[in-house]
1. Among the residues of segment 501-527, what is the count of those that are open to solvent by 60 Å² or more (accessible area, probe 1.4 Å) and closer than 19 Å to Ala566 by Cα?
2. Which one of the conditions (1) in a loop (DSSP other than H, G, I, E, B); (2) at pLDDT below 85 does Arg664 fail to meet, given that it meets all the rest?
3. Which of the numbered conditions does Val16 fail, given that it passes all the others? Conditions: (1) assigned to a loop (DSSP other than H, G, I, E, B); (2) touching an Asp or Glu at 6+ places or on another chain (Cβ under 8 Å); (3) more than 21 Å from Arg127 (Cβ to Cβ).
4. Going through segment 25-58 one residue at a time, which ones are surrounded by fewer than 20 Cβ atoms within 10 Å (Cβ to Cβ), within 20 Å of the chain's Cα centre (by Cα) and closer than 21 Å to Tyr779 by Cα?
5. Name the one entry in Ala285, Ala212, Ala281 that is of a type in the set (Gly, Ala, Ser), under 22 Å from Arg329 (Cβ atoms) and either touching a Gly at 6+ places or on another chain (Cβ under 7 Å) or at pLDDT below 85 (or both).
6. How about segment 307-333: which of its residues are open to solvent by 60 Å² or more (accessible area, probe 1.4 Å) and part of a loop (DSSP other than H, G, I, E, B)?
7. So Val622 fits all but one of (1) open to solvent by 20 Å² or more (accessible area, probe 1.4 Å); (2) in a helix (DSSP H, G or I); (3) out of contact with any Gly (no Cβ under 6 Å at 6 or more places or on another chain); what number is the exception?
Amino acid sequence: MAGAPLTSFVGRAHDVAGLSGLLETGRLVSVTGPGGVGKTRLATEVAHRVRDLFPDGVWFIELAAIADAAQVPAVVTSALGVQQDPGRPPLEVLADVLAPRRLLLILDNCEHVLSAVAELCGTLLARADDVRVLATSRERLAVAGEASYRLSPLELPASEELGAVRRSAAGALFAERVGQADPRFALGEEQAPLVARVVARLDGMPLAIELAAARVEALGLAGLAGRIDDALRLLGGKGPAAARHRSLAAVADWSYQLLSGPEQRVFRRLAVFPGPFTAEAAEAAAGPGAGPVAARLADCSLLVPPRAGADGRARYAMLQTLRAYALTRLREAGEELPVMSALAGFAWSVAAGAAAELEAGASELEALRWLDAEDATLSRALGWALGHDPDAALRLATALAPWLRLRGRLAEARERLSAAVAGSSLADGTWARAQLCLGYLSSDSADPADGTDHYTAVIDAYRNLEPSRVLVQALASGRAIARLNLGDTSGAVLDARRGLELARELGEPAGELLALAGLSAAVYYSGDTPEALDWVRQAQAFLPRDIPGDVARWCRYVLALVLTEAGELACARRVCAPGVELARQVDDLANLVPLLEVMGDLERKAGNPADAGGYLEEAIDVASRIGHSLCLAGLIGDCGYLAADSGRWADAVTIWAALAADLRRRGRPAGPVGEGRRGEYVPRIEQALTPGQVREAEERGARMTVFASAELATIVAAAAATENQFQEAGPGTLLSPRERELVTLVAQGRTNAEIAARLSISIRTVASHLDRIRDKTGYRRRADLTRLALEESLV
């Protein structure tokens, strides 16, 4: 959710209570009111107070920067880290993922994409019963069941007397903000009438009050009060419907008019930044000399004073309402196009500079934090470039894709890079690198076959390009691995050998390490363990060298995988454990998942079920969150082995049956070793279970959704991690037969409406029964109820 507010919260106790009450009973609540009235601030305050009611979190999603309403589902999906499924609308995928969760979405600044937000809310709330939405907008969404809370300006003083001014929210806010700027200020009998006059002329609008308070030190309270009427009349306008808008616009315009010409130019140009920006960024977008002017604008409260970002660099920020005003001025001046072009140039300088640092392993963490801090600006620049400069968009999207992948933002990276490739006319090395990135992203989160197509496109492109590490990667860490996942071991070996030959011709250490790792895996799964281990030993010699961090971590994963499969567990641990630690240090989620998977598998084989369970539980959580579907399938299968090793035979059969059913639905093979490894357990399963029990477990797994099978796998891993060898859970014994039936239907993915129709009861009754079950068991989320059903063998 949004971070801690920068200022105190004044005069909204009644609004907080009212909005909190609506959220307790309503699933969609909209806060409406004019710009600058404090809708976002109120929503943030309420969210902090009710966050304990939402086990799956409170998610704050800013929509103001969206220019195209069609992007709303993708923006929300990306913010929640939900992986897209090719061929399905983002909204459908989002609804399916959120169906078992209990969370609050705050959709901020919806007015310019109202219909898209209304459609999103209508779909989500119909299919995700425990999701609630708090929207801020200048008008209601007009969705069935919506509860609207209109936020009024702050209470004005009932009179000019000191006590009345102090008791009023508007007077208290003004006095507090002036006191923050000038500690010598004291609200007394002499000042009270002037304060009352100022806040009344500003209609009690919080933003207008704060802007005015910031000018007291320069103008004096009497001077401010004397000029307020002139400022309000500056814009003119008639009609009561626009009165509050005119008041806010008058204050913003008045502050703008007090600036010098150069200061005005910088102020309106800085509006292109959707988030915090450095003085260097200000110079790049607004021109030479903009850095010192930004400091002056902060003194005038037209910018938030600089604060350290994720990378330690100090950054300014502009309030959203002021940004909207400044953007209007920018467009009136005819400067938007050149300033946005300059912003895109700045974004490219950041992306290119960070990419160079990522290549130097020692600077990786600093580069990633730099990109994290510039996230909003990079996204805005790329979005603009996609519509105005396609070739620049491809260069920028390609440079940013590795960072987004490491951060686990797989869907976002793939969507934007695909759009950039489709719009650009480039056919050079940048295009080839883009295809390589798309291959990795597709293999991780979409389809290994799709990944193979992208890798092949890279290989074909290099018929007209000078060989480079990109070609090595496409062969050895790209298509070779994708072919392994598709069961084509002979093709994988050919690609990996060709990649190694090329890497050695180029004399490029990182490329040679990648090729050696890829070849070791390809050769192992083709059946030649001694040769595979020889390639592993050659690759290990490169690990201490200065290799880009993401390359080294991926290679550690592949090498440890081969060593684990070959039974070299101690060596595998020495290779893999540092990779896990390094991935955690830099928050590399894409490589952390497979590294944790290997650690879990090798610890299981080493006879350490508690350690194995801990690694696998963490890996499933991260893989589910970022949409790493390739690894998630393997993790579910690994938990089946963990269950079997612990004597939980029925759960092992169920997990493997669920995984096989999912792979069939997706048209994917079981992998190079899946069926063979599981076949080793068949004699012991047949000895432990009757044919009827085996059939029942298989049928149970075949009926399971992917979500349910992942939950069962998590139960197995968590129980092993705590060395609690699958003791029977007690909560289910508290439930009546009807409540057990309800829990079963929840675990099957049914919505409250579907449950009501099936049981011939009202939706309200379903919700009431589920609340009673939550109170009995302490399980608040639908995911928890699914786990309860699995523990009780209800599904």
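1. Residues flagged as open to solvent by 60 Å² or more (accessible area, probe 1.4 Å) and closer than 19 Å to Ala566 by Cα within segment 501-527 amount to 2.
2. Failing condition for Arg664: (1).
3. (1)
4. Arg51, Pro55, Asp56, Gly57
5. Values: Ala285 fails: either touching a Gly at 6+ places or on another chain (Cβ under 7 Å) or at pLDDT below 85 (or both); Ala281 fails: either touching a Gly at 6+ places or on another chain (Cβ under 7 Å) or at pLDDT below 85 (or both).
Exactly one of Ala285, Ala212, Ala281 is of a type in the set (Gly, Ala, Ser), under 22 Å from Arg329 (Cβ atoms) and either touching a Gly at 6+ places or on another chain (Cβ under 7 Å) or at pLDDT below 85 (or both), namely Ala212.
6. Ala310, Arg313, Leu319
7. Unmet condition: (1).
For every residue, the table says whether it meets (1) within 14 Å of Trp59 (Cβ to Cβ); (2) within 26 Å of the chain's Cα centre (by Cα).
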residue: Leu105; (1), (2): yes, yes
residue: Asp108; (1), (2): yes, yes
residue: His112; (1), (2): no, yes
residue: Ser115; (1), (2): no, yes
residue: Ala118; (1), (2): no, yes
residue: Gly122; (1), (2): no, yes
residue: Ala126; (1), (2): no, yes
residue: Ser148; (1), (2): no, no
residue: Leu154; (1), (2): no, no
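The values are calculated or read from the model by the stated rules, or taken from the named source; none is laboratory data. Note that the coordinates shown come from a computational prediction; the quantities given were computed from them, not determined experimentally. Heads up, the Cβs are rebuilt from the backbone with ideal geometry, glycines too, and the neighbour counts pull from every protein chain shown. Calculation scope for accessible area: heavy atoms of the full protein, side chains included, ligands and nucleic acids excluded. Shrake-Rupley method; radii C 1.70, N 1.55, O 1.52, S 1.80 Å.
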